[in-house]
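Enquirer: The structure follows.
Nothing in this text is a laboratory measurement; each read-out follows from the coordinates by a stated rule. This one's a predicted model, so the numbers in the text were calculated from it and none came from an experiment. Note that we place each Cβ from the backbone using ideal geometry, even for glycine, and neighbour counts take in every protein chain shown.
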Amino acid sequence: MEIKKRLWLGIMLIIIFVVIVEILENYFLLPKEITVLLAASIPVTELRGAIPLGLYLGIDPTKTFLLAVLGNLMPILPALILLEPLDVYLKRSPFFYRFFGWLYERTRRRSRQIKKYGPLGLIFFTAIPLPMTGAWTAAIAASLFGIPIKFAFPAIMGGIVIAGVIMTFLGIGISVLEMGVSVFGQSF
């Protein structure tokens with residue numbers, strides 16, 4: 001049953017994301033580039049959603065990569081700086097106490113490699129383009145495990161760049177396959 005819930009949640013998040021993008025582009029008349037930058041900066045999509053979005057919108061792959069990396073990187077330093085004080089302040093409320101307890105427990109379960117390898121683990125944790133392994137979760141894990149910002153930020157930045165390269169090449173590969181490329185006489 002857990003898989004069905006996750007699947008429906010994923011589908012709902014994609015639908016919500018598409019609606020938000022359409023609203024941003026059509027009603028607020030935001031340029032495509034700003035839309036990609038914003039998509040990369042929010043925790044749900046990060047650059048894993050922003051790069052396919054940029055390629056779908058027809059933005060050059062190099063420009064899409066740079067916008068997505070920059071957008072994903074922008075909120076991370078403030079997050080690293082503010083997470084601990086915000087956590088202490090918000091834990092006074094019963095709702096936020098439960099929320100942060102859930103969030104930290106989920107992060108703790110998914111981040112054994114960070115605890116074991118420290119900043120090096122942050123790089124790999126951020127670089128793997130899977131759900132719940134992005135820069136936001138890495139920032140929470142860095143705060144949770146007490147990794148100093150001077151080590152956490154460069155590690156997360158390295159992971160973002162690696163994930164961006166992976167997602168860009170995957171996106172370009174999918175785009176090439178959609179065009180019906182013929183390799184060695186075989187059409188794909």
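Enquirer: Take every Cα pair under 8 Å in segment 76-167 that's 6+ residues apart, average their separations, divide by the length, and report that relative contact order as a whole percent.
Expert: RCO, segment 76-167: 33 percent.
Enquirer: What nm distance separates the two modelled labels at TYR117 and ILE23, each placed 7 Å from Cα along Cα→Cβ?
Expert: 3.9
Enquirer: Across segment 55-64, in residue order, what do the Karplus-derived ³J(HN,Hα) couplings come to in whole Hz, using 6.51 cos²θ - 1.76 cosθ + 1.60 with θ = phi - 60° and x for Gly and Pro?
Expert: Once θ is set to phi - 60°, the couplings for segment 55-64 become 5, 5, 6, x, 7, 3, x, 5, 5, 4 Hz.
Enquirer: OK, next. Scan segment 54-145 for trypsin sites (Lys or Arg not before Pro) in coil per DSSP, keeping those whose Cβ has at most 13 other Cβ atoms within 10 Å, and list them by number. Working shown, then result.
Expert: Working: sites: LYS63, LYS91, ARG92, ARG98, ARG106, ARG108, ARG109, ARG110, ARG112, LYS115, LYS116; in loops: LYS91, ARG92.
Taking segment 54-145 and a limit of 13 other Cβ atoms within 10 Å, the loop trypsin sites (Lys or Arg not before Pro) found are ARG92.
Enquirer: Filter the cross-link list LYS115/LYS150; LYS116/LYS150; LYS91/LYS116 down to pairs whose alpha-carbon distance in this structure exceeds 22 Å.
Expert: LYS91/LYS116
Enquirer: Now, a different point. Assuming 0.36 nm per residue, please report the length gained on full extension of the stretch TYR56 to VAL44 beyond their Cα-Cα distance.
Expert: 2.5 nm
Enquirer: Right, another one. Modelling each spin label as a point 7 Å along the Cα-to-Cβ direction, I'd like the LYS150/MET132 distance in nm, to one decimal.
Expert: 3.4
Enquirer: While we're here: With each pseudo-label sitting 7 Å past Cα toward Cβ, what's the LEU77-PHE96 distance in nm, one decimal?
Expert: 2.5
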